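What follows is a single structure, written as structure tokens, with notes after it.
The values are calculated or read from the model by the stated rules, or taken from the named source; none is laboratory data. As the structure is a prediction and not an experimental result, all values here were calculated from the model. Here the Cβ is made from the backbone with ideal geometry for all residues, glycine too, and neighbour counts use every protein chain on show.
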Amino acid sequence: MNPLSDIEKTGELSLEDVCSLVRGGERVLLMTRHAERPHIDHEDPSFGWELPITEEGQSASRKFGKALRQFAGVVQFAASPLRRTVMTASCIAEGMGVDRPHIPTHDCLGNGTFYFADAHAIWEEFRDGSFFRKCFDYFAAGTGRGFADLHAASDALEKWCIAHFTAPLAVFTTHDLYIAAFLAARRAIPRFTEANWPRFLDSAAIVIAPDGGRRYALVRAGLSDRATGV
């Protein structure tokens, strides 16, 4: 089995593939969508800053961690400052058996994302419930009202991630829009739709070979069938 060939064929990997890559000497950084949360009020300009993950989301996050448990001694974490991403990282660490994990928070994984030129304008764009349409238009055009340039933002995000990536495996919990935007910019997924949108606990993976070469993939955790956006 060669997980990297699966990237070429489908642009997608499983958590089992991630384990195989790390065991084989690759380094893998996962930008992981938080677990299931309650619905975000469209009138909330903080994009649900204080929303927790649900009990089902907590259970799924622990299962995610158990799938990566063999790397408990060589994993690092980071999270967006929003409550649901911090909770997700904490539950993943619990599932991995990591005692008292260090989970630094960084706003560039949250509402201070490189993809937003004006977060308030983005909130206004999404208030009418047109989240997916606005996202797909942004991916196609590479720009849009309130958004930063798609490719420049993806370059900045990758540069930041690599600068903070020091272990064989990293789990940086973040949000679905940024995961999809990154993979769209890197052409790992040629075209996103509501059907193939990153579900709860799916990830954008940066796979780094021993020679420094990088590959990109969508990692399907298989722990949620919900693809809802904001």
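Within the bounds of region 6-28, is there any residue that is polar (S, T, N, Q) and loosely packed, with under 14 Cβ neighbours inside 10 Å? Break it down into steps so the answer makes sense when it comes.
Restricting attention to region 6-28, the residues satisfying the condition of being polar (S, T, N, Q) are 10, 14, 20.
Okay, now just the ones that are also loosely packed, with under 14 Cβ neighbours inside 10 Å, so 10.
Checking region 6-28: at least one residue is polar (S, T, N, Q) and loosely packed, with under 14 Cβ neighbours inside 10 Å.
Hey, does region 46-55 have a residue that's hydrophobic (A, V, I, L, M, F, W, C), in a helix (DSSP H, G or I), touching a residue at least 12 places away in the same chain (Cβ under 8 Å) and surrounded by 22 or more Cβ atoms within 10 Å (Cβ to Cβ)? Taking every residue of region 46-55 in turn, none turns out to be hydrophobic (A, V, I, L, M, F, W, C), in a helix (DSSP H, G or I), touching a residue at least 12 places away in the same chain (Cβ under 8 Å) and surrounded by 22 or more Cβ atoms within 10 Å (Cβ to Cβ).
Taking the stated definitions as given, is PRO190 closer than 19 Å to ARG84 by Cα and in contact (Cβ under 8 Å) with a residue 24 or more places away in the chain?
Details: closer than 19 Å to ARG84 by Cα: no; in contact (Cβ under 8 Å) with a residue 24 or more places away in the chain: yes.
Taking the combined requirement at face value, the residue does not satisfy it.
Residue selection: PRO81 satisfies the criterion of being more than 27 Å from ASP17 (Cβ to Cβ), in contact with a strand residue (DSSP E or B) (Cβ under 9 Å, 6 or more places away or on another chain) and surrounded by fewer than 22 Cβ atoms within 10 Å (Cβ to Cβ).
Evaluate region 57-66: report whether one residue or more is closer than 24 Å to GLU16 by Cβ, at pLDDT 95 or above, of a type in the set (S, T, N, Q) and surrounded by fewer than 21 Cβ atoms within 10 Å (Cβ to Cβ). Don't jump to the end; show me each part of the working.
Residues of region 57-66 that are closer than 24 Å to GLU16 by Cβ, as a first pass: 57-66.
From what is left, the residues that are at pLDDT 95 or above are 57-66.
Those still in the list that are of a type in the set (S, T, N, Q) too: 58-59, 61.
Add one more test, that the residue is surrounded by fewer than 21 Cβ atoms within 10 Å (Cβ to Cβ), and what stays is 58-59.
Within region 57-66 (the criterion being closer than 24 Å to GLU16 by Cβ, at pLDDT 95 or above, of a type in the set (S, T, N, Q) and surrounded by fewer than 21 Cβ atoms within 10 Å (Cβ to Cβ)), the answer is yes, since at least one residue qualifies.
Selection over region 110-150 of residues that are closer than 26 Å to ALA89 by Cβ and assigned to a loop (DSSP other than H, G, I, E, B) gives a count of 7. When you look at GLN76, is it under 16 Å from the mean Cα position of the chain (by Cα) and within 17 Å of ALA170 (Cβ to Cβ), yes or no? Here the answer is yes, as GLN76 does meet what is asked.
For region 92-133, the set of residues classified as closer than 14 Å to ALA153 by Cβ, buried (at least 19 other Cβ atoms within 10 Å of the Cβ) and of a type in the set (Asp, Glu) is empty.
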